[in-house]
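Report on one structure; see the data block that follows.
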Amino acid sequence: MRGSINPKIYSNLETQLAKDGSKSIFKSLRSAKKTLAEHVAKVAQYKKEGGYTSQVESTVQNVEKQIRTIETFIEDMGLTE
Amino acid sequence: MSALIGHYLDRDVLFVRTNLEDFENILDMLVGAVVFLDVTGLMLSEIEANRIKSQMLRVSPLTIVIRGDRGDALLDTFLLYLGKYPRPEFIMVYSSTYEDEFEAIEAFILATIPPTERWDSWKQYCIVAMGDSVVANALMSSCLRIVTNR
């Protein structure tokens, strides 16, 4: 699981935590999850309409990795809301 | 009008106020940027949406976040085109559905990233307000509050 995180996002989160605190990390997580949910819905919509889905699916993969990285970071740092 | 608002995590945060006619002139600022594009209140025709899409893709921003009451049609214009004609440099495109301007900018600054493979090209955040001027002012002041740490 750890291999599927993005070290650059992780490093960014370290700087963000130092600057803006843990509350901002949870906000990042919530926003990324919102984006993911909307994009998953788009994939379903385009599939139903017979449209091209590769663009949306690649974004979904990027955002999923972002979410995994934020969740790992929260766990590693022992952050709580 | 464009202004350097400040920096967030060592990256410039630019705010740009423009319109459909002048959009071409601000494209250089989108290079190496994650872009927040607000089109609130704009009644974009299909031709105008396609023009914005073509102009932006010419400079390959890293990520494009579209916000506005008619933003969904512009989002579909990007997504369907990029799905049909994938580019060597991947561009993430999605929408911002936050109604409140502060929340929208906060989510943009805190949660927007470039595609993994283009991370090292990331130089700046660019907020582009093309739509309603009241909304543009709210976005600008939200931006200032967030970047200057509230």
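Annotations for the structure displayed:
- Note on region B:121-150: residues that are more than 25 Å from B:Gly41 (Cβ to Cβ) and at pLDDT below 95 total 3.
- Candidate set: region A:31-60, residues that are facing chain B (nearest Cβ under 8 Å) and among the basic types (Lys, Arg); chosen: the one surrounded by the most Cβ atoms within 10 Å (Cβ to Cβ): A:Lys42
- Which numbered condition B:Gly32 misses (of (1) within 14 Å of chain A (Cβ to nearest Cβ); (2) at positive phi): (1)
Listed here are the residues, each with its yes/no results for (1) in a helix (DSSP H, G or I); (2) of a type in the set (D, E, K, R); (3) within 9 Å of the chain's Cα centre (by Cα).
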| site | (1), (2), (3) |
| --- | --- |
| A:Gln16 | yes, no, no |
| A:Lys19 | yes, yes, no |
| A:Ser24 | yes, no, no |
| A:Thr59 | yes, no, no |
| A:Ile67 | yes, no, yes |
| A:Ile70 | yes, no, yes |
| A:Ile74 | yes, no, no |
| A:Leu79 | no, no, no |
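- Search result, residues across region B:75-89 that are buried (at least 18 other Cβ atoms within 10 Å of the Cβ) and more than 9 Å from chain A (Cβ to nearest Cβ): B:Thr77
- Looking only at residues in region A:61-72 that are out of contact with any Ser or Thr (no Cβ under 7 Å at 6 or more places or on another chain) and closer than 18 Å to B:Ala107 by Cβ, the one that is nearest to the other protein chains (Cβ to nearest Cβ) is A:Gln66.
- The condition of being β-branched (Val, Ile, Thr) and in contact with a Lys or Arg (Cβ under 8 Å, 6 or more places away or on another chain) holds for only one of B:Val34, B:Val39, that being B:Val39.
- Within region B:115-138, tally of residues that are closer than 12 Å to B:Thr63 by Cβ, touching an Asp or Glu at 6+ places or on another chain (Cβ under 9 Å) and of a type outside the set (Phe, Trp, Tyr): 5
- Number of the exception - B:Arg11 against (1) without any contact (Cβ under 8 Å) to a residue 40 or more places away in the chain; (2) among the basic types (Lys, Arg); (3) within 14 Å of another protein chain (Cβ to nearest Cβ): (1)
- If only residues of region A:2-12 that are facing chain B (nearest Cβ under 10 Å) and touching a residue at least 40 places away in the same chain (Cβ under 8 Å) are counted, the one that is surrounded by the most Cβ atoms within 10 Å (Cβ to Cβ) is A:Ile9.
- For region B:49-69, the set of residues classified as in contact with a helix residue (DSSP H, G or I) (Cβ under 9 Å, 6 or more places away or on another chain) and of a type in the set (D, E, K, R) consists of B:Arg51, B:Lys53, B:Arg58, B:Arg67, listed by residue number.
- Filter result for B:Lys123 (among the charged types (D, E, K, R) and over 27 Å from A:Ser24 (Cα atoms)): no
- Check on A:Gly21, more than 10 Å from every other protein chain (Cβ to nearest Cβ), more than 23 Å from B:Arg11 (Cβ to Cβ) and surrounded by fewer than 14 Cβ atoms within 10 Å (Cβ to Cβ): no
- In region B:91-102, the residues that are touching a helix residue (DSSP H, G or I) at 6+ places or on another chain (Cβ under 6 Å), at the interface with another protein chain (Cβ under 9 Å from one of its Cβ atoms) and crowded, with 20+ Cβ neighbours inside 10 Å: B:Met92, B:Val93, B:Tyr94, B:Ser95, B:Ser96
The values are calculated or read from the model by the stated rules, or taken from the named source; none is laboratory data. This is a predicted model, so every value here is computed, not measured. We place every Cβ from the backbone using ideal geometry, glycine too, and count neighbours over all the protein chains shown.
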